[in-house]
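Chemist: This structure is in structure tokens; I'll ask about it shortly.
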Amino acid sequence: MVRRDRLLLCPLVVLAGCVTEPWQKEMPPASGATPLAFGWSDTAGWPDRAHDVYGLRLGISSRHHSVVGLDVNGIGVTDAMSGGLAFAFARNEARDGFIGAQVALGWNIVTPLSPENAPNKLWGAQVALGINFADVNGLQVGGWNGMPHTHDDDGSTVRGAQFGLFDGAGDLCGLQCAALTAWADTAYGVQVAPWNVAEHVYGLQVGLFNVATKGGGLQVGLLNWNKSGILPVLPLLNFSVR
């Protein structure tokens with residue numbers, strides 16, 4: 001799970017987080033429901049942000065309790081589980097979970113309001129020219145997808161596929177296909193990139209340079225480093241033998 005504070009690792013996400021007021025406390029239950037909503041700032045819209053929207057939301061910068069349906073904004077934020085199609089020119093942010101597709105020219109983020117209570121999961125797809133962050137069950141396509149493991153965060157959980165310049169995951173079960181780097185803590189599946197990095201590999205790495213710091217799997221590339229391989233470093237092919 002990627003905690004909200006861990007997004008500080010990426011300067012672009014810091015910039016995105018400055019566009020609207022930081023979320024500090026839990027949102028109360030929805031005060032009502034509407035089929036149509038408009039937003040023009042983080043605190044101003046019709047109806048107010050405590051409403052659930054079942055239908056269409058349009059705005060420059062919109063924030064409501066939840067949206068189920070079509071969501072088109074410059075910046076779109078929801079505080080409870082939402083779903084449908086969310087399109088944003090700058091940023092989509094779901095602060096609980098999301099089912100459907102998030103599409104943005106800038107950023108798509110599913111980040112939990114309370115990390116111990118909310119799953120920050122997306123079931124569906126994230127597509128962005130910039131950055132996608134979520135524990136995804138489905139597809140991510142963007143410049144930067146996910147977050148690898150760090151010393152104080154377990155990174156993104158990916159059950160599906162990532163396609164981008166940089167793909168990161170703490171726990172990968174599926175495919176990473178990156179133009180620059182694919183990076184995972186534990187990789188169950190396939191990594192395809194010029195530079196592939198994982199601690200534990202239970203599958204295949206294909207690239208120019210492949211690294212399995214704690215071993216495992218099959219590696220095909222110009223240079224392959226596998227701690228449990230035939231030799232620690234081999235050209236062309238290496239695989240775990242213990």
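The values are calculated or read from the model by the stated rules, or taken from the named source; none is laboratory data. Every value quoted in this text rests on a predicted model; they were computed, and no experiment measured them. No Cβ is skipped: glycine too gets one built from the backbone with ideal geometry, and neighbour counts run over all protein chains shown.
Chemist: Pick out the one residue from I109, I99, I60 that is under 24 Å from T157 (Cα atoms) and surrounded by fewer than 17 Cβ atoms within 10 Å (Cβ to Cβ).
Modeler: Going through I109, I99, I60 in turn, just one is under 24 Å from T157 (Cα atoms) and surrounded by fewer than 17 Cβ atoms within 10 Å (Cβ to Cβ): I99.
Chemist: In segment 204-242, what count of residues is obtained for those that are on the phi > 0 side of the Ramachandran plot and in a loop (DSSP other than H, G, I, E, B)?
Modeler: 3
Chemist: Ok, one more. For D71, state whether it is modelled with pLDDT of 95 or more and over 17 Å from the mean Cα position of the chain (by Cα).
Modeler: Judged against the criteria, D71 is a match.
Chemist: Scan the strands (runs of 3 or more DSSP E) fully inside segment 123-202 and keep the ones with 2 or more residues being under 24 Å from M81 (Cα atoms) and polar (S, T, N, Q).
Modeler: Per the criteria, 135-145, 157-192.
Residue-wise test of (1) without any contact (Cβ under 8 Å) to a residue 60 or more places away in the chain; (2) surrounded by 24 or more Cβ atoms within 10 Å (Cβ to Cβ).
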position: N145; (1), (2): yes, yes
position: T157; (1), (2): no, no
position: Q176; (1), (2): yes, yes
position: L204; (1), (2): yes, no
position: G217; (1), (2): yes, yes
position: G229; (1), (2): yes, no
position: P232; (1), (2): yes, no
position: P235; (1), (2): yes, no
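Chemist: Sticking with this one: Filter segment 98-124 for residues that are modelled with pLDDT under 90 and under 15 Å from G76 (Cβ atoms) and give the result.
Modeler: T111, the sole residue that qualifies.
Chemist: Sort out for me the strands (runs of 3 or more DSSP E) sitting completely within segment 28-109 that have 3 or more residues that are farther than 24 Å from N137 by Cα.
Modeler: Passing ranges, in order: 32-39, 51-64.
Chemist: Go over the candidates R91, R57 one by one and state the one that is charged (D, E, K, R) and over 16 Å from the mean Cα position of the chain (by Cα).
Modeler: Of R91, R57, the one residue that is charged (D, E, K, R) and over 16 Å from the mean Cα position of the chain (by Cα) is R57.
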